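To keep things clear, I will list the structure first and then write my remarks on it.
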Amino acid sequence: MIVWVLDRALRLLRLVACNIYIRWGNQAIHRTHSVASYSKETDVVRLDVRTNAFLTQPAAGQFYYLYQPTTWQGYENHPFTLGAWSPRSCVSDDADNYLLQHDDLPSEVDEADLSSKYQSIVQNLTFWIRPYDGWTRRLRAECLQSIKGIAKPTILLEGPYGHHCSLSSFDSVLLIAGGTGIASAISYILEHMALSETGKTETTNLHLLWTARQASFIQEVFAQELRAVAQRDDFSADLFFTRHAERSKQGEEQSRGDDSELSMPELQHGRPDIAAAIAKAARRAGMTGTKMAVLVCGPPAMADEARLAVHRSLKRGCHSVEYFEESFGW
């Protein structure tokens with residue numbers, strides 16, 4: 001009982017430290033804020049959580065436990081992989097409150113300087129959630145009941161957890177993702193972009209092999225998180241979608257040229273030959289004498305196929321290939 005009580009007490013303290021930040025300079029208390037949006041076309045809930053807690057240091061390979069304490073099952077926690085993160089400048093409401101409470105301020109007081117006093121840098125953490133049963137279905141329903149499918153639920157973070165794969169030491173990296181497993185791949189793509197700016201990576205070839213149900217989900221991610229990397233010379237991608245209903249729709253959108261300003265690889269209908277893609281990349285690495293990493297995050301069948309393909313390449317003599325696997329669930 002003592003061990004159980006101590007465990008719960010420490011988790012509660014960690015939950016507070018991950019979601020509440022106190023600025024002693026202006027005596028302000030900040031907490032996490034979240035925005036959830038659901039699109040019927042993608043059938044994915046996008047959850048953006050803004051926090052500036054000192055424990056929240058986003059990096060590739062992390063996952064967080066999410067709580068929604070305002071629901072009747074608020075004690076439940078749900079693990080989700082961190083997909084993307086970006087620092088944002090945020091001005092606290094305390095600046096406006098200060099101005100309202102001090103009407104007698106001198107005219108020479110600059111409101112911009114006052115706002116900078118209450119300005120802070122927050123981290124925007126992005127999660128992609130495929131709604132099924134339980135909490136994910138309730139979160140989708142909350143979005144559908146809101147205006148334009150955008151809700152502002154109270155979400156608490158606990159983390160980060162997980163492990164980091166040192167992919168920057170490899171000459172080429174093959175990222176294989178299935179569905180919302182793209183979250184793990186994007187985090188390492190963002191890490192590669194940051195390291196390449198400082199010359200701290202040996203990776204010169206980054207290839208993404210992604211399969212999703214809806215083509216619209218792929219387009220949405222490339223329009224936002226992957227817009228910058230899609231134009232890089234060291235990045236390439238093979239993109240597949242499997243839903244038949246979107247095949248004709250995808251063709252119509254391409255013929256209309258709605259996404260002419262969006263530079264992204266061509267979408268293909270069907271499923272990729274993962275074994276052939278790994279074998280081809282492994283042969284190229286063996287011929288050039290370079291090191292290659294294969295990172296997989298997807299359904300169990302996809303991970304099994306990729307693991308078997310890497311094993312076959314190793315048996316053929318391609319010993320410079322290393323396999324990494326990210327969990328796609330509990």
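Using a 1.4 Å probe, how large is the accessible area of Glu325, given in Å² and rounded to the nearest 10?
Estimated to the nearest 10 Å², Glu325 gives 80 Å².
Between Ile147 and Glu202, what is the spin-label point distance in nm, taking each point 7 Å from the Cα along the Cα→C-beta axis?
Here the answer is 5.4 nm between the modelled labels.
Take the Cβ-Cβ distance between Glu266 and Glu41 as r, set R0 to 22 Å, and report the resulting FRET efficiency rounded to the nearest 0.05.
Values: r = 19 Å, r/R0 = 0.87.
With R0 = 22 Å, the Cβ-Cβ based efficiency is 0.70.
Would you rank Trp210, Trp4 by solvent-accessible area, highest first, keeping every protein chain in place and using a 1.4 Å probe?
Ranking Trp210, Trp4 by accessible area, largest first, yields Trp4, Trp210.
Restricting to Cα pairs below 8 Å that are 6+ residues apart, what does the relative contact order work out to for the stretch 117-194? Please round to a whole percent.
It rounds to 25 percent for the stretch 117-194.
Counting pairs of Cα atoms in the stretch 137-196, how many percent are more than 19 Å apart?
Numbers: 977 of 1770 pairs.
Value for the stretch 137-196 (Cα pairs over 19 Å): 55 percent.
Pop the C-beta distance of Arg232 and Thr290 into the FRET formula with R0 = 25 Å and round what comes out to the nearest 0.05.
Values: r = 19 Å, r/R0 = 0.75.
It comes to 0.85.
The values are calculated or read from the model by the stated rules, or taken from the named source; none is laboratory data. For clarity, every value in this text was computed on a predicted model and none was experimentally measured. Reconstructed Cβ throughout: ideal geometry from the backbone, glycine too, with neighbour counts over all protein chains shown. SASA here: full protein model, heavy atoms, side chains in, ligands and nucleic acids out. Shrake-Rupley method; radii C 1.70, N 1.55, O 1.52, S 1.80 Å.
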